[in-house]
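Before any comments, here is the structure.
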Amino acid sequence: MKRNLIHMLLAAMLLSTACSRSPESTGIEYAPQMYHSVPLEPYSQTDYNNFFPDKKNAREPVAGTVARGKLAYYFPYENTQEEYDRAGNELRNPVPLTQANFDEGKRLYTVYCSHCHGKEGKGDGPVPKKDSYPAVPPAYDSDRVKNLKEGQIFFSIFHGKGTMGAHGSQIAPEDIWKIVYYVRKQRGEDLKFIDAPAQAVPADTTAGKQAQAPSSATRNMAQN
Amino acid sequence: MKSLALRWMFPAILLLLAFVAPPRASAQGDGEVLFNANCASCHNLDRKLTGPALRGVVDRWDGELGELTAFIKNSQAYMKAGRPKSAYATALYNEYNKTLMPAQALNDDQIGAILTYLKDAPPPAAAAPAAAPGDGVGASIPDATIYSSFALLVGILLLACVFIIFAIAVIAHAIRAREQGIPLNFDGFRSSIRAFLTNRFVATVVVLLLVVGGANAAYDFVWSVGLHQGYTPVQPIAYSHKLHAGELQIDCKYCHVGVEKGKSATFPSVNICMNCHNLVEEGPKYGKAEIAKIREAYESGKPIEWVRIHNLPDFVYFNHAQHVKVAGLECQECHGPVEEMEDMYQHSRLSMGWCINCHRQKEVDLNKSEYYQATYAQLHADMESGKLDKVTVEKLGGLECARCHY
């Protein structure tokens, strides 16, 4: 009797070590129907969406439409040279230039830009320093960037410019405008902060360059 | 003696300086610096980027430096001016998607230095033969090998244990034989072993050890049910976080853009990969094979079926934005040293006890948000009166069932 017990325990120990899973398996799930959502969750992989011919669950917006509440993401400038110049002439930064917005711009810059453009905007980030990366971003205080208008900087981040890819799908318009402030600071501009965050677009945040009231496009950006 | 030393010292120093002082930057050095500052964001020596590859550009312009210089200074004006190479310039403009080269504020000397650099630049180093698709896989140790070597180790340890036990048994038998006059042969040894195994104390110890070991193994096994710690699935593309997040220092949020805005941190869509990989076609480990899959997905529009690693059960609600944006946690606090992971795996247990433990320990800064100030007035009062020395997530209701299960 005692020996049988010992044998059983030994067998149980061996069995439990034999069950240890390989790293490619998720292991045993108890009642898996409670683990996996029946409706298709974003990024879950229980099934394809068989209602759509391409089996994708996420849908792309219908061409030419803007989803409700997403007007701020609608950027009414095509990716051409003429539209680039037009954006430069028409767009003004709708985000108030407060210390908080500037600091947020700096933080966002280190997330989205500094690995290529460098911590101080000299074009010396770790990505272009690697040999396999064939291009070098321009320094912000170089002649080419120094005189760019705010709208052109926004345009370049949104649509991409030259070898730089488009970042409009990654960064919300309001956040791009905050980054624009930090880029302006890095090219040597003396930014004048305002104290309280204003509701409306402040009259003079662009150091005297504010020539006209913001266009409807700019106001759309501000709504975000 | 002193005067002699003084007399020779001055010329000697001059001579020394002539050797030590760095020579003035050569024309080629200037050209390289100017090229990198003004041209390299759109042009490469040997690859087409936004504009054409520039090695041999002077030959393509038939050596007409004056024309080329005028074009560089203002390409738009040059195309309209009807000069000798205007037709060629216009053809270039059309070939490169009508992308206008901006007018360059460079003088003739600077352009000359750049052109000299373009002519004299060393050819690209003979590229190291790119690893064939299979090579990289062979370089890392396959999992099967790790398992078999682990099994070997366990086997050796077990054998050692058996041998030690056997040796102890032999010694014990020898002692017993001398004391009780039992013959020192195999039969006597067997009777000794039997006496040892049926000894009540020994049997109790063995049973106890087996019970404790078995219970421990059973406990571990039960706790592994439904938890995926260490899960390292094979992904459709051999993407390395170690290279991208570690060596290249690309921020986690650059690709996982949803992490501050919503429940899911989101997988990057292919267009985010293409922000760099429209230029980078070759990786250090797998050559072109893996990156080609991204390009294929980008061109065909067929999504890459990444295998999700961190799966919480459907009955748990978890929100990334609350933890990253509001609480300000670093990604690594839960996901481990991702920037060192060649293959991504689940670092933490992600069990309920693991969540709760953190909610009990993490302190909250009540002054961080106006919402906290208005909602938790009692906690503020307790903090000020010294009744509480810290406020944890638990105090804000972080252990309530319905916080995560609803």
B:LYS390 being part of a helix (DSSP H, G or I), basic (Lys, Arg) and farther than 23 Å from A:ILE28 by Cβ: no
Among the residues of region A:90-119, write down those that are aliphatic (A, V, I, L, M) and more than 10 Å from chain B (Cβ to nearest Cβ). A:LEU91, A:VAL95, A:LEU97, A:ALA100
Tally up the residues in region B:231-269 that are surrounded by fewer than 17 Cβ atoms within 10 Å (Cβ to Cβ) and at positive phi, please. 1
Which residues, taken from region B:33-56, are assigned to a loop (DSSP other than H, G, I, E, B), facing chain A (nearest Cβ under 8 Å) and among the aliphatic types (A, V, I, L, M)? B:ALA40, B:LEU49
For region B:129-222, which helices (runs of 4 or more DSSP H) that fit wholly inside it have 3 or more residues that are under 30 Å from A:ALA31 (Cβ atoms) and at pLDDT 90 or above? none
Which residue, of A:GLU78, A:GLU82, is assigned to a helix (DSSP H, G or I) and either over 18 Å from the mean Cα position of the chain (by Cα) or within 12 Å of another protein chain (Cβ to nearest Cβ) (or both)? A:GLU82
Please return the ranges of helices (runs of 4 or more DSSP H) entirely within region B:253-364 where 1 or more residues are among the polar types (S, T, N, Q) and either more than 8 Å from chain A (Cβ to nearest Cβ) or closer than 30 Å to B:LEU399 by Cβ (or both). B:289-300, B:332-335, B:352-361
Can we say A:GLU104 is surrounded by fewer than 17 Cβ atoms within 10 Å (Cβ to Cβ) and in contact (Cβ under 8 Å) with a residue 60 or more places away in the chain? no
Within region A:120-178, count every residue that is outside any loop (DSSP other than H, G, I, E, B), within 16 Å of the chain's Cα centre (by Cα) and within 9 Å of another protein chain (Cβ to nearest Cβ). 1
Test B:ARG308 against the stated conditions and say whether it is in contact with a His (Cβ under 9 Å, 6 or more places away or on another chain) and not polar (S, T, N, Q). no
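Given the criteria of a type in the set (D, E, K, R) and closer than 26 Å to B:TYR372 by Cβ, does B:GLU296 qualify?
no
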Tell me, which residue of region A:64-85 that is in contact (Cβ under 8 Å) with a residue 24 or more places away in the chain and among the charged types (D, E, K, R) is nearest to A:PHE193 (Cα to Cα)? A:ASP85
Criterion violated by B:VAL225 - all others in (1) within 7 Å of another protein chain (Cβ to nearest Cβ); (2) surrounded by 15 or more Cβ atoms within 10 Å (Cβ to Cβ) satisfied: (2)
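Residues to consider are A:ALA87, A:ALA72, A:ALA63, A:ALA100; find the one that is modelled with pLDDT under 90, over 24 Å from B:ILE309 (Cα atoms) and assigned to a helix (DSSP H, G or I).
A:ALA72
The values are calculated or read from the model by the stated rules, or taken from the named source; none is laboratory data. Computed from a predicted structure; not experimentally measured. A quick note on method: Cβ atoms are made from the backbone with ideal geometry, for glycine too, and the neighbour counts reach across all protein chains shown.
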